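Notes follow the structure.
We did not get these values from a lab; they are worked out from the coordinates using the rules stated. Predicted, not measured: the structure shown is a model, and the values here were computed from it. Here the Cβ positions follow ideal geometry from the backbone for every residue, glycine too, while neighbour counts run over all protein chains shown.
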Amino acid sequence: MSAATFVLAISLFVAFTFATAFGVASLYARSATSARWLAAGYGLGMLNPLLEILLPLQADPRPVQVGVALSLQYAAALGVIGLARHYRLSPPWRTMIGFAIAALWLNIAILDMPRGSVLRNVLYQLPYFVVHVLGVITILRFPRRQVLDNALVSLFALSAIQFLLKPIFAVSMGNGATARDYIGSTYAAVSQSVGSMLLIATGLLLLLIILRDVLAEITARSETDTLSGLLNRRGFEARAEQFVAYAVVVADLDHFKMVNDSYGHAAGDGVIGAFAEILQREAGAYTILGRMGGEEFVALLPLADADTAWCYAETVRQRFAALAMESIGHRSLSASLGVAVREGHEPLADLLRRADVALYEAKRAGRDRVCVARSSKQQTPSGASQEGFRNIA
């Protein structure tokens, strides 16, 4: 067995392993479409080493020669589509169809060219180079790249470069007088070894990226309230930790139990969703919104003072009061809101407690209003509640 044959056998096993791994990943990830494309790519790529091994046994090697090239080129093209799917980009369908047709035509056109010809070797490697450049472009189109994504860009670029260099080594080292002789050449051993290493590196990196994004997806689902689409308590508290100065607005829907009792829980869910939509529509770019449970909501406004937070809360209150929903007979709705501004290194739990007390004061004052908690350092008048308030209706 030649060195190249041994490496090809390893590549066949590696391609099978990654095809299986991506196939399994597609069963568990919401990004199953991308994993399926990658599994198909590695599955098709298995034909390349298999056909390379069978090539010396063919009476007429020409059809197998074309199959050797196209199997790997088309496999890489499927990988590019998988990348686009994973990064939530529109796959370049026209480009990929054009690539597939051009690669087929080119591989047939160069069959009778001398194997030692520089032009023939450049044309043979050109589709591999082009498809890896398309992979680089696809990843670069994704604006929120992280370390692993940039590493994948580098790996695709490295793969593209090695296909540019292969014609030089093919001519200088010799790639076999005929297609049947290729597998026994030194160039074949070197070329297949490099290709196998890049195959393994790319597959591992793609698996790490998918694993990273699946874990992020699972975390996001565990921190998101399914009814409102806002963060749940766990998600809200986790994100609040990254801010130093901020204000919070807590809100509670007035007489919400009566809505459920009178119109049913489906109508109540609609009210929850409508209020969440108002919170999102009026929020700034960096506002963090959460549903703390039931009809209770919270908004964190970075770098906001009491007046800014009150303006947001009051706008939300007015928008909700003006809402007319057919599912509840167009009855008027209202919400009570409490506002508090973080002081120094005040723990989030204490800040939320002060905002909650302000909210309860709004409830006691007749609902459908905003109350702002005074600083905890201010003097509390005798006979007043533990917190002082600016009560604004």
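Quote to one decimal, in nm, the extra length available between LEU215 and ALA201 on full extension: 0.36 nm per residue of separation minus the C-alpha distance between them. Write out the running numbers ahead of the final one.
Values: separation 14, 0.36 × 14 = 5.04 nm, distance 2.10 nm.
So the chain would gain 2.9 nm between LEU215 and ALA201.
Could you please rank LEU51, LEU27, placing first whichever residue has the fewest other Cβ atoms within 10 Å of its Cβ?
Numbers: LEU51 22, LEU27 9.
So the ranking, lowest neighbour count to highest, is LEU27, LEU51.
On a full-extension model of 0.36 nm per residue, what is the gain between MET113 and PHE243, subtracting their alpha-carbon distance, rounded to one decimal in nm? Please report the intermediate quantities before stating the final value.
On the way: separation 130, 0.36 × 130 = 46.80 nm, distance 6.59 nm.
Here the answer is 40.2 nm.
Suppose every Lys and Arg Cβ carries +1 and every Asp and Glu Cβ carries -1, with no other charges. What dipole size does the chain come out with about its Cα centre, to the nearest 20 debye?
I would put it at about 660 debye.
Running a GNM on the chain with Cα contacts under 10 Å, which residue among MET197, MET258, MET96 ends up with the highest mean-square fluctuation?
MET258
Please go through the stretch 181-264 and write out the chymotrypsin sites (Phe, Trp or Tyr not before Pro) that DSSP classes as loop and that have at most 15 other C-beta atoms within 10 Å.
PHE243
Between GLU326 and LEU57, what length in nm is gained on full extension when 0.36 nm per residue of separation is reduced by their alpha carbon distance? Provide the component values of the computation, followed by the final result.
Working: separation 269, 0.36 × 269 = 96.84 nm, distance 7.55 nm.
Here the segment from GLU326 to LEU57 would lengthen by 89.3 nm.
Using DSSP loop states and a limit of at most 14 other Cβ atoms within 10 Å to flag trypsin sites (Lys or Arg not before Pro), what is the longest stretch of the chain containing no flagged site?
On the way: sites that count: ARG30, ARG88, ARG141, ARG144, ARG331, LYS377.
In short, 145-330.
If a/c stays under 1.5 just call it rounded; otherwise compare a/b with b/c (prolate if a/b is bigger, oblate if not). Do that for the stretch 92-175, with a ≥ b ≥ c from the square roots of the Cα gyration tensor eigenvalues. Please list the in-between numbers first.
Numbers: a/c = 5.27, a/b = 1.62, b/c = 3.26.
Oblate shape, in that a/c is at least 1.5 and b/c is the bigger or equal ratio.
In the chain, which helices (entire DSSP H runs) extend 18 Å or more along their own long axis, judged by Cα positions, while averaging at least 1.0 on the Kyte-Doolittle scale?
Working: long enough: 3-28 (38 Å, 1.91); 32-45 (19 Å, 0.39); 62-86 (36 Å, 0.86); 93-109 (24 Å, 1.30); 118-140 (32 Å, 1.57); 147-173 (37 Å, 1.61); 186-222 (54 Å, 1.32); 265-282 (26 Å, 0.23); 306-321 (22 Å, -0.40); 348-364 (24 Å, -0.15).
What comes out of the filter, once short or polar helices are dropped, is 3-28, 93-109, 118-140, 147-173, 186-222.
Specify which residue in the list LEU352, LEU55, TYR28 is farthest towards the positive end of the charge dipole of the chain, using unit charges on the beta carbon of Lys, Arg (+1) and Asp, Glu (-1), about the Cα centre.
It is LEU55, whose Cα lies furthest towards the positive end.
Fewest first, what order do HIS345, HIS265 take by the number of other Cβ atoms within 10 Å? The partial results should precede the final answer.
Details: HIS345 6, HIS265 11.
Arranged by neighbour count, lowest to highest, HIS345, HIS265 become HIS345, HIS265.
Scale the Cα Rg of the stretch 125-280 by the rule-of-thumb value 2.2 N^0.38 Å and send over the ratio, two decimals.
Values: Rg = 27.5 Å, N = 156, 2.2 N^0.38 = 15.0 Å.
The value comes to 1.84.
Picking from ASP225, ASP60, ASP368, which is most flexible by a Gaussian network model of the chain using Cα springs under 10 Å?
Checking each option, the largest mean-square fluctuation is seen for ASP60.
Suppose a student asked you for the relative contact order of the stretch 233-392, using Cα pairs under 8 Å spaced at least 6 residues apart; what percent would you report? Present the calculation step by step, with values, prior to reporting the outcome.
Values: 280 pairs, mean separation 41.2, N = 160.
Over the stretch 233-392, the number comes to 26 percent.
How would you rank PHE275, PHE163, PHE129, going from fewest to most other Cβ atoms within 10 Å of each one's own Cβ? Walk me through the numbers on the way to the answer.
On the way: PHE275 24, PHE163 20, PHE129 17.
Going from least to most buried by this count: PHE129, PHE163, PHE275.
Tell me, what is the percent relative contact order of the stretch 37-186, built from C-alpha pairs under 8 Å that lie six or more residues apart? Can you show the working numbers first?
On the way: 165 pairs, mean separation 38.9, N = 150.
26 percent.
For the chain, with a Gaussian network of springs between Cα atoms less than 10 Å apart, report the residue from LEU57, LEU38, LEU300 with the top mean-square fluctuation.
LEU57
Quick one, can you get me the convex hull of the C-alpha atoms of the stretch 233-392 expressed as volume per residue in Å³? Write out the running numbers ahead of the final one.
On the way: hull volume 16.9 nm³, N = 160.
For the stretch 233-392, the hull spanned by Cα atoms encloses 106 Å³ per residue.
Quote the relative contact order of the chain in percent (integer), defining contacts as alpha-carbon pairs under 8 Å separated by 6+ residues.
12 percent
Taking the structure as given and computing Cα extents along the principal axes in Å, which label from [x] 73, 60, 50; [y] 60, 51, 41; [z] 101, 46, 31 fits?
[z]
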